[in-house]
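> Let me give you the structure first, and then I'll get to my questions.
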Amino acid sequence: GDVLRLASVSKVYDKTGIPVTALKSVNLSLAPGTFTAIMGPSGSGKSTLLHCASGLDQPSSGEVYIAGQQMTFGNETELTRFRRGRIGFVFQQFNLLPSLTVRQNITLPSRLEGKRVDRQRLEAVVERVDLLHRLDHHPAQLSGGEQQRVAIARALVSNPKIIFADEPTGALDTHRAAEVLDLFDQAVREFGQTVIMVTHDPIAASHADLVLFLVDGQIVDEMARPNPATVA
Ligand code: ADP
Ligand code: ADP
């Protein structure tokens, strides 16, 4: 079945008394082991879509299903528990804590839930992002590309089914961006994980199997990458 399904998801922000409709009845189904990019102009609802699909934000209406299970937006503890092992998040600005080491940044979300990260699991994930030599360093000692790889390791350590990434290459040069995209490719092709990424960068989007174009809170177009095996 689908690893992610949005059924008529809408989002209206109404804090100021002037309602802003950020998403209009969005339907979306993604198969496991696929890489999807979301593109669209600024303010078209890309981040809102990612936030509603990942439980960082609550839709005004509609349903979100992760691997067939409906996300319930009860209390924060429940939501955090639901996300664990299902959802990982990677942000443009890395969101690492400067006072913690790489190891501590990666294991913090688990620790906050009272779970100890298995040492072998930690090392396997850190090896995957090629940072074993950096485990006891602090974020300020690392390059931007390395910091984003720490954030990816943090997202991967609970072995999520879906990785949500919001402009993950936006703060990186071409070379570092390529490393991040390689890691997502690997997550999809080798580990069968699902990546859904908001991006402005056509090169980043070219890694995706499916590109969705969002305008005014609606998916107005989509483009599937031709399967290389079927191209003559
Ligand atoms: P994008 O990621 O495509 O730039 P967003 O999802 O950030 O778009 O925003 C979609 C619309 O929702 C915009 O009109 C934006 O101003 C509005 N919006 C986003 N977040 C909030 C918020 N927290 N409160 C009010 N309006 C918001
Ligand atoms: P110990 O079980 O005595 O902590 P380990 O061999 O498991 O020893 O870990 C070695 C180092 O890695 C120690 O500095 C330990 O604090 C750290 N470490 C191990 N697991 C974690 C974890 N889940 N989060 C943070 N640090 C960890």
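The values are calculated or read from the model by the stated rules, or taken from the named source; none is laboratory data. Every value quoted in this text rests on a predicted model; they were computed, and no experiment measured them. The protein model used for the area step is the full one, side chains on, heavy atoms only, and it has no ligands, DNA or RNA in it. Shrake-Rupley method; radii C 1.70, N 1.55, O 1.52, S 1.80 Å.
> What span do the alpha-carbon atoms of segment 9-141 cover on each of the three principal axes, reported in whole Å from largest to smallest?
Principal axes ranked by extent give 48, 32, 30 Å for the Cα atoms.
> Follow-up question, since we're still on this one. Where q = 0.21, 0.23, 0.24 Å⁻¹, what log10 of I(q)/I(0) comes from the Debye formula for segment 130-181, counting one point per Cα?
-0.80, -0.94, -1.00
> Between Ala224 and Gln141, 0.36 nm times their residue separation minus their Cα-Cα distance comes to what?
Numbers: separation 83, 0.36 × 83 = 29.88 nm, distance 3.97 nm.
Full-extension gain reported as 25.9 nm.
> Gap in Å between the Cα centre of segment 197-217 and the Cα centre of segment 129-185?
19 Å
> How much of the accessible area of segment 46-177, probe 1.4 Å, is carbon plus sulfur, in whole percent?
Values: 2820 of 6250 Å².
Answer for segment 46-177 is 45 percent, counting heavy atoms of protein chains only.
> Further question on the same structure: I'd like the projected area of segment 47-91, averaged over all directions, using the convex hull of its alpha carbons. Report it in nm² with one decimal.
Details: hull surface 13.0 nm².
Result: 3.2 nm².
> Let me ask something additional. Counting helices only, and only those DSSP H runs with n ≥ 4, report the 222 nm mean residue ellipticity of the chain as the sum of -39,500 (n - 2.57) divided by its residues, in deg cm²/dmol to the nearest 500. Write out the running numbers ahead of the final one.
On the way: 7 runs with 71 residues, N = 232.
Calculated mean residue ellipticity at 222 nm is -9000 deg cm²/dmol.
> If you don't mind, another one. Can you check what the Kirkwood hydrodynamic radius comes to for the chain, Cα pairs only, in Å to one decimal?
On the way: mean 1/r = 0.0550 Å⁻¹.
Computed over Cα pairs of the chain, the Kirkwood hydrodynamic radius comes out at 18.2 Å.
> Send over a whole-number figure in Å² for the accessible area per residue of segment 69-202, probe 1.4 Å.
Values: 6450 Å² over 134 residues.
I get 48 Å² per residue for segment 69-202.
> Once the cut-off is 21 Å, how many percent of the Cα-Cα pairs in segment 162-232 end up in the long-distance tail? Please list the in-between numbers first.
Working: 704 of 2485 pairs.
Tail fraction, whole percent: 28.
> Here is a follow-up. Could you name the lysines in cross-link range of Lys161, using Cα to Cα under 22 Å and dropping any fewer than eight places away on the same chain?
Cross-link targets: Lys46, Lys115.
> Here is a follow-up. Please give the length that would be gained between Glu123 and His200 if that part of the chain were fully extended, namely 0.36 nm times their separation in residues minus their C-alpha to C-alpha distance (nm, one decimal). Could you put the intermediate results ahead of the total?
Details: separation 77, 0.36 × 77 = 27.72 nm, distance 3.23 nm.
Contour length minus Cα-Cα distance gives 24.5 nm.
> Okay, moving on. Treat segment 94-208 as a sphere of radius equal to its Kirkwood radius over Cα pairs and apply Stokes-Einstein at 4 °C in a medium of 1.567 mPa s; give the translational diffusion coefficient in µm²/s, rounded to a whole number. If you can, show how the numbers build up before the last one.
On the way: Rh = 14.3 Å.
For these conditions, the coefficient is 90 µm²/s.
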